[in-house]
Amino acid sequence: MEASSAGEKWERSKKRNYQLLLIADLKKEIEMARKLDPEHLAAEIQKIGFSCHHCGKCCKRAFGDNRVAVIPSEIERIREYTGLSKLEVAGPFVPEVPVQDETWEDEEEHPETSFRPSEENDDQRLSEENEELRPLEENEEPSSLGFLESLQEYIDSEGKIHAFGWILRRKRNGDCIFLERDTHKCRVYPVRPMLCSTYPFYIEELRLQICECEGLRYPISAEDSRKLAENLLLRYVSELEDTCAVYEKFMDFRREEKGLELAKTSLENGTCAYIVHDSNGINEVID
């Protein structure tokens, strides 16, 4: 028993030391990120070129990975704008469930959530009307029971899945819940996440990166390039700071073989218990 206890302490110590190294590296990257030149970044963007076609493809699951990671402050802005609850806006960010085929449910079978200005605050708040569209839940995807096995290292002894951060909810066909079907417009455009407002660009390891997008290589003005560069830098620093705060608050959890079986039992009963680690601390979620 003493040997086992000593071994567990040693493992915890190693993990804690690694955690401290990650935090130190993130703080260095944050410091360097704040020194990036927005003018140089804007020049890179203008050289590449970009003009959004408002096609909505980046919001649709059929065209690739459309998951949108969001930090707590972004969730709060959307929550205030829409009148939705936190868990209606976002859910736990876990790896995407493998799909056995590319057949998605017909969107017409699931009417969209529609919003209208609230009487409480006509220029900001929105409220739902008509039938609510239930968002996509991870435990509704194909092969979910088998998928839990790939998440075993994230499942604690009580069968709760530990997730790191949040993701915007999606419709049951995989599209973003805030995408209008007919117009391809974003229902929360004024408060959309930074990932959306800077797409298809992002910064990784202090360098500008791009995603696939039909709007690339179209002319962009110097002014728009500058605005995009400033938003990219804000996003980069904000996400780094948020990740650093997650690591600083994170406390490791006990893992046991029974945890996987408990998680499977919960899923068979129609629920999933999550512990979401974010920059505000720990959030318990039943999905």
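In table form, for the structure just shown:
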{"item": "Residues of region 60-82 satisfying the condition of being outside any strand (DSSP E or B), within 15 Å of Val246 (Cβ to Cβ) and touching a strand residue (DSSP E or B) at 6+ places or on another chain (Cβ under 6 Å)", "result": "Pro72, Ile75"}
{"item": "Enumeration of residues in region 43-63 that are charged (D, E, K, R) and surrounded by fewer than 18 Cβ atoms within 10 Å (Cβ to Cβ)", "result": "Glu44, Lys47, Lys57"}
{"item": "Selected residue [among the charged types (D, E, K, R), crowded, with 16+ Cβ neighbours inside 10 Å and more than 16 Å from Tyr154 (Cβ to Cβ)] from Arg226, Arg207, Arg217", "result": "Arg226"}
{"item": "Check on Val246, of a type in the set (A, V, I, L, M), assigned to a strand (DSSP E or B), within 18 Å of the chain's Cα centre (by Cα) and crowded, with 18+ Cβ neighbours inside 10 Å", "result": "no"}
{"item": "Test: residue in region 261-274 that is among the basic types (Lys, Arg) and either surrounded by 14 or more Cβ atoms within 10 Å (Cβ to Cβ) or part of a loop (DSSP other than H, G, I, E, B) (or both)", "result": "yes"}
{"item": "Given (1) at pLDDT below 95; (2) out of contact with any Lys or Arg (no Cβ under 8 Å at 6 or more places or on another chain); (3) part of a loop (DSSP other than H, G, I, E, B), number of the condition His54 does not satisfy", "result": "(2)"}
{"item": "So Pro190, is it surrounded by fewer than 16 Cβ atoms within 10 Å (Cβ to Cβ), of a type outside the set (S, T, N, Q), part of a loop (DSSP other than H, G, I, E, B) and at pLDDT 95 or above", "result": "no"}
{"item": "Criterion violated by Ile45 - all others in (1) at pLDDT 95 or above; (2) out of contact with any Phe, Trp or Tyr (no Cβ under 7 Å at 6 or more places or on another chain); (3) part of a helix (DSSP H, G or I) satisfied", "result": "(2)"}
{"item": "Among (1) assigned to a loop (DSSP other than H, G, I, E, B); (2) surrounded by 15 or more Cβ atoms within 10 Å (Cβ to Cβ); (3) in contact with a Ser or Thr (Cβ under 8 Å, 6 or more places away or on another chain), the one test that Asn173 misses", "result": "(3)"}
{"item": "Flag if Glu284 is under 30 Å from His53 (Cα atoms) and either outside any helix (DSSP H, G or I) or at pLDDT 95 or above (or both)", "result": "no"}
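Residues checked against (1) touching a strand residue (DSSP E or B) at 6+ places or on another chain (Cβ under 9 Å); (2) modelled with pLDDT under 95; (3) not basic (Lys, Arg):
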| position | (1), (2), (3) |
| --- | --- |
| Glu132 | no, yes, yes |
| Glu138 | yes, yes, yes |
| Leu151 | yes, yes, yes |
| Ala163 | yes, no, yes |
| Gly174 | yes, yes, yes |
| Arg181 | no, yes, no |
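The values are calculated or read from the model by the stated rules, or taken from the named source; none is laboratory data. Quick caveat, the model's predicted, so the values are computed rather than measured. Counting neighbours? That spans all protein chains shown, and the Cβs are built from the backbone with ideal geometry, glycine included.
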